[in-house]
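**Student:** Handing you a structure now.
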Amino acid sequence: MNAAIDTWIHAHTDDLVAWRRHIHANPELARHEYATTEFVATRLAAAGLAPKILPGGTGLTCDIGPDGPRIALRADMDALPMQEATGATYSSTVPGVSHACGHDAHTTILLGAGLALASLPELPVGVRLIFQPAEEVMPGGALDVIAAGALDGVSRIFALHCDPRLEAGQVGMRLGPITSAADTVEVVLDSPGGHTSRPHLTTDLIYALGTVVTGLPGMLSRRIDPRTGTVMVWGAVSAGQAPNAIPQTGMMTGTVRTGDHETWELLEPLVEEIVHGLLAPTGVRYHLNYRRGVPPVVNDEVSTRMFEDAIGTVGQDALADTPQSGGGEDFSWYLETVPGAMARLGVWSGEGDQLDIHQPTFDLDERALGVGVKVLAGLVLGPGSGA
């Protein structure tokens, strides 16, 4: 049956490229993926399938094959609020919005894999395609998909994510955590303010702010095992205008990330304890807003081996190692319910700069589309698909 998948890919390579370029040129932000949803649903329905649009009106699921426990394959559909600067003929036609993370490729690959599998006379196991909205916003559209029952009857779930550090034709795999948990920390400070010549008559908000800016990352590094890959970094700090006035308000926001699920569970109370301890001596009032984002994606052993077998069908040199990423991915929410795994799809052409995702110049080698279809189909057709 893998030969039949190869035949399908060969016959539909131009379609894969055209679909990806259409989606790329017409990006939609999180929870506004109406046209993308319709584009996918129309093609699935034309193949005789019965796609079901999710309750929010964006995203959809589609079952293929026999009843019983199903393998789920997931792709995300949303774009980023970023102006494209690739200069490609199929560049975004929507100002300030672009597919700079490869979700156009993810959607195309899952659509292709679904149609390729549907073209076979029978499948060894049932499949559920999950086209998910709103991956780019925390805590992620995966929670909406799960709440809609998309994992009911699912035994395992798999996903691919574009990786410009790997060449097209390679797929990176890692057992255990492959992404990190990502939470947001916001601290708002409040002080009576005053003159910088008399800090003893007020509470020094800037001093307090600096204490937290340096103290929180430092204390976390002393309270948490460094082998967990935990890191706290501030992204925005603001307070004051005049050099001789202690300001009344200030704010700092940043992210705290970890590759360890148990550590992720402990982070919120630990951050609250440290911030309180740092600010209590200063007398500055504060409000801490800790927003939990997503847990880490942790690939289980059986699912990892299934991915490795599927990647092996691409070629003997296709399987590549991949490090754990510090980025967050809401695919992790699915793994809180069922086992599964995520792999990294090489999209670099092998020439020129390796531009990272979330950059306005990010683009990909479209030869990776067929590779992705073959890998996802291989997960369903492989020897471990019924595990």
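**Student:** What's the number of the only condition in (1) open to solvent by 30 Å² or more (accessible area, probe 1.4 Å); (2) free of Cβ contacts under 8 Å to residues at least 40 places away in the same chain that ALA41 fails to meet?
**Tutor:** Unmet for ALA41, out of (1) open to solvent by 30 Å² or more (accessible area, probe 1.4 Å); (2) free of Cβ contacts under 8 Å to residues at least 40 places away in the same chain: (1).
**Student:** Touching a strand residue (DSSP E or B) at 6+ places or on another chain (Cβ under 6 Å) and either open to solvent by 10 Å² or more (accessible area, probe 1.4 Å) or at positive phi (or both): which single residue out of GLY114, GLY126, GLY96, GLY102 fits that description?
**Tutor:** Checking each option against the conditions leaves just GLY102.
**Student:** Answer yes or no as to whether ILE5 is more than 27 Å from PHE362 (Cβ to Cβ), outside any loop (DSSP other than H, G, I, E, B), among the β-branched types (Val, Ile, Thr) and touching a helix residue (DSSP H, G or I) at 6+ places or on another chain (Cβ under 8 Å).
**Tutor:** So ILE5 passes the test.
**Student:** Can I ask one more? Being open to solvent by 40 Å² or more (accessible area, probe 1.4 Å) and either at pLDDT 95 or above or assigned to a loop (DSSP other than H, G, I, E, B) (or both) is the filter here; which residues of the range 244-261 pass it?
**Tutor:** Answer for the range 244-261, where residues must be open to solvent by 40 Å² or more (accessible area, probe 1.4 Å) and either at pLDDT 95 or above or assigned to a loop (DSSP other than H, G, I, E, B) (or both): ASN244, ALA245, GLN248, THR249, MET251, THR255, ARG257, ASP260.
**Student:** Can you tell me which residue among ASP321, ASP365, ASP330 is touching a Ser or Thr at 6+ places or on another chain (Cβ under 9 Å), at negative phi and of a type in the set (D, E, K, R)?
**Tutor:** Unique residue meeting the criteria: ASP365.
**Student:** Which pairs do you get when a residue that is in contact (Cβ under 8 Å) with a residue 24 or more places away in the chain, found in the range 121-145, comes within reach of a residue that is surrounded by fewer than 21 Cβ atoms within 10 Å (Cβ to Cβ) and of a type in the set (Lys, Arg), reach meaning Cβ atoms under 8 angstrom, with the pair 6+ apart or on two chains?
**Tutor:** From the range 121-145, the pairs are PRO133/ARG31; ALA134/ARG31; VAL137/ARG31; MET138/ARG291; PRO139/ARG292; GLY141/ARG31.
**Student:** If I filter the range 18-28 for residues that are open to solvent by less than 20 Å² (accessible area, probe 1.4 Å) and over 21 Å from GLY372 (Cα atoms), do I get at least one hit?
**Tutor:** No, the range 18-28 has no match at all.
**Student:** Among residues belonging to the range 219-243 that are in contact (Cβ under 8 Å) with a residue 40 or more places away in the chain, open to solvent by 30 Å² or more (accessible area, probe 1.4 Å) and over 24 Å from the mean Cα position of the chain (by Cα), point out the one that is nearest to THR196 (Cα to Cα).
**Tutor:** PRO243
**Student:** Something else: Inspect the range 297-310 for any residue being under 27 Å from PRO81 (Cα atoms), touching an Asp or Glu at 6+ places or on another chain (Cβ under 9 Å) and modelled with pLDDT of 95 or more and give the result as yes or no.
**Tutor:** Yes, some residue in the range 297-310 is under 27 Å from PRO81 (Cα atoms), touching an Asp or Glu at 6+ places or on another chain (Cβ under 9 Å) and modelled with pLDDT of 95 or more.
**Student:** In addition: Among the residues of the range 326-356, what is the count of those that are hydrophobic (A, V, I, L, M, F, W, C) and under 11 Å from the mean Cα position of the chain (by Cα)?
**Tutor:** 3
**Student:** Among the listed residues ARG344, ARG292, which satisfies the condition of being in contact with a helix residue (DSSP H, G or I) (Cβ under 9 Å, 6 or more places away or on another chain) and of a type in the set (Lys, Arg)?
**Tutor:** That would be ARG292, the only listed residue that is in contact with a helix residue (DSSP H, G or I) (Cβ under 9 Å, 6 or more places away or on another chain) and of a type in the set (Lys, Arg).
The values are calculated or read from the model by the stated rules, or taken from the named source; none is laboratory data. Bear in mind that the values here come from a model prediction, so they are computed numbers and not experimental data. Backbone-built Cβ (ideal geometry, glycine too); neighbour counts: all protein chains shown. Only protein heavy atoms, including side chains, enter the accessible area calculation; ligands, DNA and RNA are left aside. Shrake-Rupley method; radii C 1.70, N 1.55, O 1.52, S 1.80 Å.
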